[in-house]
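Visitor: Dumping the structure here so I can ask a few things about it.
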Amino acid sequence: TGYYIYSVSILCDEKALQNYIITTAPNEYSKVWDFTGKHLRIFGVSNESTYFIDVYYDVKDAKYYILNANSQDVKVYDFKTGQLFKNYKGTPQTWHMSATVIDINKVPTLIESDGNGNLRVWGFHSGELIKTISSGGIINLRGLCVWNEQYVFSTGSDYQVKLYDITNGVYVKGFPGHKSTACSVEKIVHPLYGECLISHGLDGNLKLWTLPQNS
């Protein structure tokens, strides 16, 4: 009520045959809705701005988790109970803009981007910080895209799509192209070019990024 929506995610519970929409806004609780638009419940806290919300299904635990990247930390909630599962907070204090979970060597690993230009890698279940990868400057990193178990892309306020090697813990390079903050990046399969990236920025443009033909 009274605020714009920062992020939306869809949770499809195949076992329960239920679909949910989860929304976030500045200084409000996160909210759960059904597909008719009926508000079901709230969770989280009301004094933080949640910039990004996503869903992760842990196959081993058979649980849905909600990833909540906000102005204080990254919080993970058990979707069924609404209870806080774990929080991930690095130093210094900064915004936490995006988060995702991938399996690296079959171990769930949380990756997040922050407002100081850092990519952080955490043990999902342990909450242990595994490594911090700096972009080499104070950059507000935004969206995340996992290419594979080794490489991750992010976008930032320096107008670039940026590549990180999380296996070796290094920032590889940036790809300029936008004329304003690059907000998000996704991996797609293009019918002509195969595996590609598509990014969008505050300049109002979508950019399609393809691999060199000899790669």
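Visitor: How high is the relative contact order of the stretch 1-121, given as a whole-number percent (alpha carbon pairs under 8 Å, six or more residues apart)?
Guide: 15 percent
Visitor: Over the chain, with every protein chain in place, what whole percent of the accessible area is carbon and sulfur at 1.4 Å, could you tell me?
Guide: The nonpolar share, carbon plus sulfur, comes to 53 percent.
Visitor: Post the alpha-carbon centroid distance, the stretch 159-215 to the stretch 26-86, in whole angstrom.
Guide: Taking the Cα centre of each part, the stretch 159-215 and the stretch 26-86 sit 28 Å apart.
Visitor: Taking only C-alpha pairs under 8 Å that are 6+ residues apart, what is the relative contact order of the stretch 157-215 in percent? All intermediate terms of the calculation are to be shown ahead of the outcome.
Guide: Numbers: 107 pairs, mean separation 15.7, N = 59.
Taking the mean separation of contacting Cα pairs over the length of the stretch 157-215, I get 27 percent.
Visitor: Averaged over all directions, how much area does the convex hull of the C-alpha atoms of the stretch 162-215 cover when projected, in nm²? Please report the intermediate quantities before stating the final value.
Guide: Values: hull surface 18.2 nm².
Reported value for the Cα convex hull: 4.5 nm².
Visitor: Here's another thing I want to ask about it. Give me the base-10 log of I(q)/I(0) for the stretch 74-165 at each q in 0.13, 0.22 Å⁻¹, Debye formula, one uniform scatterer per Cα, rounded to two decimals.
Guide: Relative scattering, expressed as log10 I(q)/I(0), comes to -0.41, -1.11.
Visitor: Based only on Cα atoms, what Rg/Rh ratio does the chain have, Rh being taken as Kirkwood's radius?
Guide: With Rh from the inverse mean 1/r over Cα pairs, Rg/Rh is 0.96.
Visitor: For the stretch 121-207, what is Rg from Cα atoms divided by 2.2 N^0.38 Å, rounded to two decimals? Could you put the intermediate results ahead of the total?
Guide: Details: Rg = 13.6 Å, N = 87, 2.2 N^0.38 = 12.0 Å.
Output field value: 1.13.
Visitor: With +1 assigned to the C-beta of every Lys and Arg and -1 to the C-beta of every Asp and Glu, and no other charges, what is the dipole magnitude of the chain about the Cα centre in debye, to the nearest 20?
Guide: Working: 19 positive and 20 negative charges, 17 e Å.
Computed about the Cα centre, the dipole is about 80 debye.
Visitor: Report, in debye and to the nearest 20, how large the dipole of the stretch 51-165 comes out about its Cα centre when Lys and Arg carry +1 and Asp and Glu carry -1 on their Cβ.
Guide: Details: 11 positive and 12 negative charges, 30 e Å.
The dipole of the stretch 51-165 has a size of about 140 debye.
Visitor: Select from Asn47, Phe35, Val8 the residue farthest towards the positive end of the dipole of the stretch 1-130; place +1 on Cβ of Lys and Arg, -1 on Cβ of Asp and Glu, and compute about the Cα centre.
Guide: Phe35
Visitor: Same structure again: Per residue, how much accessible area does the chain have with a 1.4 Å probe, in Å²? Intermediate results must be reported in sequence, preceding the final value.
Guide: On the way: 11180 Å² over 215 residues.
Roughly 52 Å² per residue, with all protein chains present.
Visitor: Just need the relative contact order of the chain here, percent rounded to a whole number, with Cα pairs under 8 Å and 6+ apart. All intermediate terms of the calculation are to be shown ahead of the outcome.
Guide: On the way: 557 pairs, mean separation 19.1, N = 215.
Averaging sequence separation for qualifying contacts and normalising by length gives 9 percent for the chain.
The values are calculated or read from the model by the stated rules, or taken from the named source; none is laboratory data. This one's a predicted model, so the numbers in the text were calculated from it and none came from an experiment. Cβ sites come from the backbone with ideal geometry, for glycine too, and all protein chains shown count toward neighbours. We work out accessible area using only protein heavy atoms, side chains counted, and drop any ligands, DNA or RNA first. Shrake-Rupley method; radii C 1.70, N 1.55, O 1.52, S 1.80 Å.
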